[in-house]
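Nothing in this text is a laboratory measurement; each read-out follows from the coordinates by a stated rule. Quick caveat, the model's predicted, so the values are computed rather than measured. Here the Cβ positions follow ideal geometry from the backbone for every residue, glycine too, while neighbour counts run over all protein chains shown.
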Amino acid sequence: MLPATAPRRTPFHEFHRHAGGKLVDFAGFEMPVRYTGDVREHLAVRNAVGLFDITHMGEFDVRGPGALEWLNGLVTNDVAALAVGQALYSPMCRPDAGIVDDLLVYRYADHYMVVVNASNMAKDFAWMKQSQPAGVEFTDRSDATALLAVQGPKAPEVLRGHVPAAALELGYYRFTTGDLFGIPATISRTGYTGEDGFELYFAPEHGTRVWQGIVEAGRPFGLDLVGLGARDTLRLEMGYMLYGNDIDDTTTPLEAGLGWTVKLQKTAFAGKDALVKQKAGGLERKLVGLQLDGRRVPRHGMAILSGGREVGRVTSGTFSPSLERPIGMGYVEPALAPLGTALEIQAGTALLNARVTARPFHTRGSHRS
């Protein structure tokens, strides 16, 4: 038997270990799932500011005169609508409209950067590579990129004086380049928490300088280190997708409520014909938000029932620290998708009362529109 491959480590591994982070294997990386506790870390981001290591995400560079046309044919959203310094969120689909991944595309003056989920890096690169046209340069820059996120209403104060002043004025889904604690970086304002904040892309060899700089600058503002556990509860309160749970290659953007990312007016893109057909014929299921009574949490894979009949499955669930109640998401038949619809969730031998509710669940986030 071949020995198991050891998880990869980010440039911040020793900082996680010294801070008491509980390290787990996540998407092939040794990552902190928590430091002091999920609820404390979650509330720190909602009320003050938190620091996340998200270096496990993948980054691909796309260059050349055919870059725009190629990317626009790979994703459902409209890359051509991007201005320099702007990013967009988009699914990337197979011809049958199943979602290969959900990703970000950044437009620089001379190239594009595609940011993909850690668990899908190899799959995405291979998927894109097979259709790479002549004259387009396509490079995996993941190993040459460190990525930190500073999230929370006090995030701008933490970075003030350590990034260009213009970076602090960025709108949502905008980015710039400039010095970060004296080293070259891309500074963006997208986020996965519902709070104001920044993503910081830079060379891994500067990891110690940047990490220590942020921790020191954040001390007066109550900055906490935040692990994957709180990252999941924060994103779920906002109703954001998690690939492998809420979307995958068996779900389509229309079923997942991501119709706003599907630009059917584009000439052609992977999955367009299937999405046109699905839109015309109607959906067989829809992803909905679920709010539960009591304190028991819905879990991925639990059956959703209506009148004793299974009508769907839970895709994500947690106890919301902000709302102090269980929440979740799952796919149900369209007739059961209207807000307020009463449902039940099978949790072992117990039935949990639930109702369809609007997303985001948490509506008081500080992120910029």
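Some values worked out for this structure:
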quantity: Dipole moment magnitude, nearest 20 debye, the chain about Cα centre, only Lys, Arg, Asp, Glu C-beta charged; calculated: 740
quantity: Extension gain, Leu168 back to Ala122 (0.36 nm per residue minus Cα-Cα distance, nm); calculated: 13.2 nm
quantity: Relative exposure of Leu104, Leu71, judged by other C-beta atoms within 10 Å (fewest first); calculated: Leu104, Leu71
quantity: Anchor Lys263: lysines whose Cα lies under 30 Å away (excluding residues fewer than 8 positions away in-chain); calculated: Lys123, Lys129, Lys272, Lys277, Lys279, Lys286
quantity: Calculated FRET value between Arg94 and Arg40, using beta carbons and R₀ = 45 Å, to 0.05; calculated: 0.65
quantity: Whether the chain is rounded, prolate or oblate, judged on the alpha carbon gyration tensor where a/c under 1.5 counts as rounded; calculated: oblate
quantity: Residue with peak Gaussian network fluctuation, the chain [Cα springs, cutoff 10 Å], from Arg359, Arg309, Arg63; calculated: Arg309
quantity: Distance in nm between pseudo-label sites at Lys279 and Thr177 (7 Å out along the Cβ direction from Cα); calculated: 3.5
quantity: Beta bridge orientation in the stretch 229-369: antiparallel %, DSSP, nearest 5; calculated: 95
quantity: Ascending count of other beta-carbon atoms within 10 Å, so fewest first, for Leu200, Leu168; calculated: Leu168, Leu200
quantity: Lys, Arg +1 and Asp, Glu -1 on Cβ, resulting dipole of the stretch 148-290 about Cα centre, debye, nearest 20; calculated: 460
quantity: Normalised contact order of the chain, rounded percent, pairs of Cα under 8 Å and 6 or more residues apart; calculated: 18
quantity: Summed side-chain charge close to Asn120 - residues other than Asn120 whose Cβ falls under 11 Å, Lys, Arg +1, Asp, Glu -1; calculated: -4
quantity: Relative exposure of Arg235, Arg313, judged by other C-beta atoms within 10 Å (fewest first); calculated: Arg313, Arg235
quantity: Förster radius 45 Å - calculated FRET efficiency between Gln265 and Phe26, Cβ distance, rounded to 0.05; calculated: 0.75
quantity: Per-pair calculated FRET efficiency, R0 = 25 Å: Thr250 and Thr5 via Cβ, rounded to 0.05; calculated: 0.35
